[in-house]
Amino acid sequence: MPLRLTRKLLPHPLLSTLLVIVWCLLINDLSLGTVVFGAILGLLIPISTAAYWPDRPKITRPWRLVSYMLLVIWDIMVANVQVAMIVLFKRNDDMAPNWVLIPLDLRSPEAITLLAGTITLTPGTVSTDLSADGRALLVHALDAADPEAVRDDIKTRYERRLKEIFE
Amino acid sequence: MTDIPFLIDILVATLLIIGATFTLIGSYGLLKLDQPMKRLHAPTKASTLGVGSLLLASMIHAFASGESSLHELLVMAFLFVTAPISGNFIAKVHLHRQRGGKELPAPPAEDGWATYSEK
């Protein structure tokens with residue numbers, strides 16, 4: 001019974017935390033008043049929107065999400081330099097732009113969205129489309145002579161970690 | 001301006017130059033690359049590392065001059081959340097213009113890609 005009550009009052013604990021943090025950042029202040037008002041917003045907004053987000057993913061290990069974000073930020077920096085080199089020093093005819101097909105093991109829409117966003121943010125690859133049944137992702141790579149290598153890289157580096165977080 | 005330590009001044013200047021360089025390379029790529037899908041790669045670079053290090057410079061400068069501000073973190077977070085969406089929309093427009101072309105690999109299922117789906 002207490003668990004059910006907590007679930008009703010706090011349908012998305014992570015979303016509530018995020019709302020408090022964003023509120024404090026917006027006000028740019030960490031006084032008691034700000035935190036309390038942020039907490040009120042963090043309580044009310046998830047409750048009033050819970051009905052519109054029924055099958056929310058259960059994230060059991062939030063710290064993994066943090067380490068995933070750090071990994072992605074690091075990859076963004078490395079890949080940025082690589083793509084800058086390609087843009088600056090490689091002739092257009094020497095590039096091998098390619099479509100890469102990524103069969104998905106992920107099923108939750110939130111996880112697929114995160115994966116697609118990661119692929120677009122790491123330069124050199126842009127996620128373009130999802131197959132109609134949601135089981136494959138179409139990715140465009142700027143310079144990939146070997147599409148299979150790109151596919152395996154994305155699958156082992158990002159998808160496996162997202163699978164651990166969301167499932 | 002004078003009360004900022006010399007080292008932090010250098011750090012901020014370096015970050016500004018890095019950010020400006022990457023934004024410039026992004027714009028140059030937009031000019032140089034010759035296919036629509038290849039062109040899409042250039043601006044995604046400018047908006048991640050370029051704007052990221054410009055914002056970092058702004059944040060360090062704000063802290064050094066005593067008016068601590070973390071708004072830049074929010075700007076970065078919202079930018080990183082929204083940038084893939086605009087990129088995806090441009091890519092989708094490209095797919096629609098290619099409709100019927102044989103450039104795309106076929107998806108494993110029979111339904112085809114979601115952009116072309118009639119449902």
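Under the shape rule built on the C-alpha gyration tensor, where the axes satisfy a ≥ b ≥ c, the protein assembly as shown is oblate, since a/c reaches at least 1.5 while a/b does not exceed b/c. Each of A:L26, A:L101, B:L49 was scored by other Cβ atoms within 10 Å of its Cβ. Listed from fewest to most, they are A:L26, A:L101, B:L49.
The mean number of Cβ atoms from other chains found within 10 Å of a Cβ in peptide A:64-73 is 1, as a whole number. Segment B:1-26 and segment B:32-80 have Cα centres spaced 13 Å apart.
Given +1 at the Cβ of Lys and Arg, -1 at the Cβ of Asp and Glu and no other charges, the dipole of segment A:71-138 around its Cα centre is 100 debye to the nearest 20. Each other residue within a Cβ distance under 12 Å of B:S65 adds +1 if Lys or Arg and -1 if Asp or Glu, for a net charge of -3.
Remark: relative contact order (chain A) = 22 percent; criterion is Cα-Cα distance under 8 angstrom and separation of 6 or more residues.
With 30 Å as the limit on Cα-Cα distance, the pairs of A:K155/B:K38; B:K32/B:K92; A:K8/B:K92; A:K90/A:K155 that go past it are A:K8/B:K92.
For segment A:111-134 and segment A:26-89, what is the centre-to-centre distance using only Cα atoms, to the nearest Å? Computed from Cα coordinates, the inter-centre distance equals 17 Å.
Read-outs throughout are calculated quantities, based only on the coordinates presented, and are distinct from any laboratory measurement. Predicted, not measured: the structure shown is a model, and the values here were computed from it. No Cβ is skipped: glycine too gets one built from the backbone with ideal geometry, and neighbour counts run over all protein chains shown.
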